[in-house]
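The values are calculated or read from the model by the stated rules, or taken from the named source; none is laboratory data. Just so you know, these numbers come straight off a predicted model, no measurement behind them. Glycine also receives a Cβ, built like all others from the backbone with ideal geometry; neighbour counts cover every protein chain displayed. The accessibility values were calculated without ligands, DNA or RNA, using every heavy atom of the protein model including side chains. Shrake-Rupley method; radii C 1.70, N 1.55, O 1.52, S 1.80 Å.
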Amino acid sequence: MTAVPSTRLHRPPRPAFAVGMMRWLRAGSNLEWALAIISIVGLILLWEYARPLGVPGLENVPPPSEVIRASAKLLSSDIYWQAWGLSLRRVAIGFLAAQILGVPLGLALAMNRTALDTIFPVVEILRPIPPVAWIPVAIIFWPTRELSVVFIVFLGAFWIVLLNTIGGAGSIDVNYRRAAQSLGSMPRDMFWRIILPATIPSIVIGMAVGMGLAWEMLVAAEMVAGNTGLGYLLWQSFEINAIPQCIVCMVSIGIAGFLSSEIIRQLGRYAAPWQRQQ
Amino acid sequence: MLRSPRPYLGFLGIGTFFLAWYVLVDATHFWRFRELPGFVSSVREWVNPNPVYGISLFTSDYYLHIWSSLYRVFGAFAVATLLGTTIGILMGWSRIFCGLTFPILELLRPIPILAWIPLAIILLPGRELPIIGLTFLAAFFVTILNTLLGVRSIDPVYFRAARSLGFSELGILAHVIVPGALPYIFVGLQIAMGACWFSLVAAEIASGQAGLGYEVWQAYYYVQFETMVIIMATLGFLGYVSSALVRLVARRLMRWRTRALAGV
Amino acid sequence: MEARTRSGSLSIRNVGKVYNPGGAKVVALEDISVEIRAGSFCVFVGPSGCGKTTLLNTVAGFDTVTAGEIYLDNVLLSAPEHAPQPGSDRIVVFQNGSLFPWKTVLWNAVCGPVQQGRMKYAEAAAHARELLARVGLKGIEAQYPGELSGGMKRRVEIVRALINEPKILLLDEPFRALDALTKSVVQEYLLELYDLVPRTVFFITHDVEEAVFLADTVIVMTTRPGRILKILNVDMERPRTHRILTSERFLAIENEIRAAIHDEARKAFEAGERELAA
């Protein structure tokens with residue numbers, strides 16, 4: 001293991017995006033790439049030949065070839081793309097609502113101890129109730145199914161956003177605040193210039209995780225209470241026993257979730273550039 | 001809340017919440033709130049020895065559902081924890097193992113857990129296993145990831161010190177990697193617990209025969225809204241208690257942390 | 001015990017270390033040659049980034065040299081083709097502390113011999129208690145490092161190292177984070193242990209006073225690329241107390257070193273500024 005020089009010098013510019021898999025692959029050596037290819041190809045081959053090879057349990061799962069055929073058919077149908085659009089819209093609305101309500105509330109609670117002590121226990125009581133369990137209430141309460149689904153998506157993301165915002169604002173080094181105070185900043189300045197920017201990384205994490213949760217909730221809500229959208233399509237495919245289609249939906253939702261989280265992380269990088277140089 | 005210097009504020013907040021519920025639903029029937037079950041009627045149902053809809057603190061069905069859900073969650077959680085931490089540590093320890101498993105993990109992880117329901121039903125026999133399997137899966141991914149992060153987060157200086165002091169590879173595993181990753185592992189376990197309850201309820205709604213998720217849907221379906229509220233509250237309570245249990249175990253196992261934090 | 005103190009002679013011949021030879025070449029060390037007698041207390045001083053830690057890493061086994069050789073007791077330790085392994089014959093006390101925070105003080109102190117299988121726990125514990133008592137630490141065996149002060153932690157770490165009876169004890173700016181008063185106390189403890197069993201010590205610091213106080217030999221290094229500027233013998237008697245800090249002889253030696261270092265420090269500073277501007 002080579003030691004690292006003790007001062008910054010001529011480091012190659014960091015790749016501008018990608019966490020997780022992408023960054024790992026980029027940073028990784030040829031060994032990592034090779035292993036990745038081996039394992040993924042291996043998995044696909046195992047999946048493809050599970051049936052003829054008699055691998056127990058996988059007999060009923062359609063092999064990749066069938067899935068690809070099904071996806072070709074699905075991708076050319078209107079229903080699929082409509083479902084995409086509808087699901088995307090619901091996630092976007094629910095997610096945005098969670099941000100718009102969650103971030104200011106979180107910041108307000110972090111700033112005001114009294115409010116925090118009063119309201120946080122209510123949060124702690126309501127939060128453990130799985131959003132899925134809220135579905136019946138949502139259906140009863142909201143006038144339309146659409147709103148119910150969006151509400152569940154909202155709930156999923158809301159708690160995480162709230163928690164992360166409060167956590168982020170609360171953990172700001174007290175010295176930053178003191179420095180600002182000694183430099184003569186007013187409370188308003190303090191908020192906009194010190195507290196908000198310092199909380200942004202936590203908010204971004206809350207958003208990225210919240211986005212993932214939003215998609216989870218969307219699938220749940222659409223499966224149970226929706227009549228359109230990718231989640232509903234998934235369940236419907238299952239009910240009519242069109243399993244390859246099912247799998248295509250699974251993968252689509254996975255891709256959608258991944259892309260949206262990545263976009264959030266990217267935006268986060270722009271919002272907090274000082275975090276980039278590590 | 002009880003740790004705050006002013007716990008009465010917390011009670012005030014909770015009280016306000018229930019008051020608002022009562023006012024909006026029972027008293028004023030404001031807008032859509034009139035559709036919801038009332039606060040008073042729900043509580044009354046809950047403590048009724050002879051409940052209208054068959055579920056209350058005094059009925060055995062209530063506890064039957066609780067037990068069904070509980071053993072599923074804890075079973076799945078236990079297996080997920082064991083497997084997840086083991087695999088996560090192996091991934092942190094061996095570059096080759098990580099190289100082989102990480103890509104697959106990252107490919108499968110973005111797929112929402114509930115999207116696996118159809119596959120789970122196909123792959124796993126019976127009615128119980130798909131539900132437990134789904135619950136397991138949710139916790140599994142989270143645990144592996146957090147364990148891996150935990151191993152990676154260990155300051156490399158500890159590895160150097162251990163090597164310098166002549167530790168064997170197994171010694172490093174047992175005395176550096178596992179204890180060093182523990183804080184992150186427990187954060188992951190708390191999240192995993194929440195994920196377990198979430199998946200469980202959804203899975204039970206989709207294909208269960210007993211359990212809180214199943215019952216909440218049944219209650220909705222048969223327009224037994226008070227029961228629905230009771231179940232929701234029960235779920236919330238159980239979820240909170242299970243997370244608290246994880247936190248408790250964490251505090252015992254990581255005494256060094258609590259003592260250091262207390263001393264600082 | 002006597003035979004042990006005769007071993008630990010270090011011969012560093014024309015050692016060089018270049019990072020990233022294919023890309024942005026960084027010459028950390030250039031043509032370092034120094035003979036360290038067995039049992040002598042050797043201190044390396046120099047401005048930040050001059051390669052002292054790099055040199056320590058090559059001796060300790062965390063890094064390989066790209067040129068030259070290092071011999072330990074006339075046995076080849078490190079060469080470009082011969083990568084050394086870290087081992088308990090060359091134990092390092094790290095700058096920012098490396099006591100395992102999740103183990104008790106006692107476990108930390110005895111872990112070397114116990115993990116190597118050389119001693120049983122009970123036996124090692126007895127040794128450790130004795131050593132801990134010598135450095136003024138009694139009754140803290142059951143505590144965790146997080147509950148200790150900086151000075152206490154450093155002493156435990158020294159005990160942890162010495163209990164292994166290493167041929168060379170390497171210390172990388174170990175007292176940097178201590179306040180001045182604690183520092184002088186811990187220095188005296190270190191010297192007491194050294195006087196008890198003189199073993200080869202490889203000590204790094206940027207504090208000139210500390211260097212002269214502790215050392216038999218002071219080696220002054222230049223800023224990057226690190227070369228040896230000067231080698232001085234501190235021929236003051238042992239045991240040393242803090243009273244010698246103001247003696248004429250001491251101050252004369254100190255001045256000589258300070259003069260040499262100051263220029264190097266300025267050069268390092270300007271080099272750093274140039275890097276930032278680049």
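Overview of values
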quantity: Scope segment B:183-215; condition of a type in the set (Val, Ile, Thr) and under 9 Å from the mean Cα position of the chain (by Cα); matching residues; calculated: B:ILE191
quantity: Considering residues of segment B:25-52 that are within 14 Å of chain A (Cβ to nearest Cβ) and in contact (Cβ under 8 Å) with a residue 12 or more places away in the chain only, the residue most open to solvent (accessible area, probe 1.4 Å); calculated: B:PHE39
quantity: Test result for C:GLU165, among the acidic types (Asp, Glu), surrounded by 17 or more Cβ atoms within 10 Å (Cβ to Cβ) and within 25 Å of B:GLY180 (Cα to Cα); calculated: no
quantity: Test: residue in segment A:162-178 that is at pLDDT 80 or above and closer than 28 Å to B:GLU35 by Cβ; calculated: yes
quantity: Residue check, B:ALA192 in contact with a helix residue (DSSP H, G or I) (Cβ under 6 Å, 6 or more places away or on another chain), in contact (Cβ under 8 Å) with a residue 60 or more places away in the chain, in a loop (DSSP other than H, G, I, E, B) and more than 9 Å from chain A (Cβ to nearest Cβ); calculated: no
quantity: Residue within segment C:183-198 that is part of a loop (DSSP other than H, G, I, E, B) and without any contact (Cβ under 8 Å) to a residue 12 or more places away in the chain present; calculated: no
quantity: Helices (runs of 4 or more DSSP H) lying entirely in segment B:53-146 (those with 3 or more residues that are hydroxyl-bearing (Ser, Thr, Tyr) and away from chain A (no Cβ under 14 Å)); calculated: B:60-93
quantity: Selection count where residues are assigned to a helix (DSSP H, G or I), under 15 Å from the mean Cα position of the chain (by Cα) and not acidic (Asp, Glu), scope segment C:146-170; calculated: 7
quantity: Qualifying residues in segment B:229-241 (those that are buried (at least 23 other Cβ atoms within 10 Å of the Cβ) and in contact with a Ser or Thr (Cβ under 9 Å, 6 or more places away or on another chain)) - the one farthest from A:ILE139 (Cα to Cα); calculated: B:LEU235
quantity: Residues within segment C:7-54 that are hydrophobic (A, V, I, L, M, F, W, C) and in contact with an Asp or Glu (Cβ under 9 Å, 6 or more places away or on another chain), tallied; calculated: 10
quantity: Tally of residues being of a type in the set (A, V, I, L, M) and more than 19 Å from B:VAL151 (Cα to Cα) across segment B:67-103; calculated: 5
quantity: Residue among A:ALA97, A:ALA157, A:ALA70 that is in contact with a Pro (Cβ under 6 Å, 6 or more places away or on another chain) and either open to solvent by 40 Å² or more (accessible area, probe 1.4 Å) or more than 9 Å from chain B (Cβ to nearest Cβ) (or both); calculated: A:ALA70
quantity: Qualifying residue in segment C:116-124 (condition: open to solvent by less than 10 Å² (accessible area, probe 1.4 Å) and touching a Leu at 6+ places or on another chain (Cβ under 7 Å)); calculated: no
quantity: When residues of segment B:105-122 are limited to those that are within 24 Å of the chain's Cα centre (by Cα) and open to solvent by 30 Å² or more (accessible area, probe 1.4 Å), the one nearest to A:GLU216 (Cα to Cα); calculated: B:PRO110
quantity: Hits in segment B:167-194 (condition: open to solvent by less than 20 Å² (accessible area, probe 1.4 Å) and small (Gly, Ala, Ser)); calculated: B:GLY171, B:GLY180, B:ALA181, B:GLY188, B:ALA192
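Rundown of residues vs (1) over 19 Å from the mean Cα position of the chain (by Cα); (2) over 22 Å from A:ALA198 (Cβ atoms); (3) among the β-branched types (Val, Ile, Thr), yes/no style:
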{"residue": "A:PRO64", "(1), (2), (3)": "yes, yes, no"}
{"residue": "A:GLN82", "(1), (2), (3)": "yes, yes, no"}
{"residue": "A:LEU86", "(1), (2), (3)": "no, yes, no"}
{"residue": "A:GLY94", "(1), (2), (3)": "no, yes, no"}
{"residue": "A:LEU107", "(1), (2), (3)": "yes, no, no"}
{"residue": "A:ALA110", "(1), (2), (3)": "yes, no, no"}
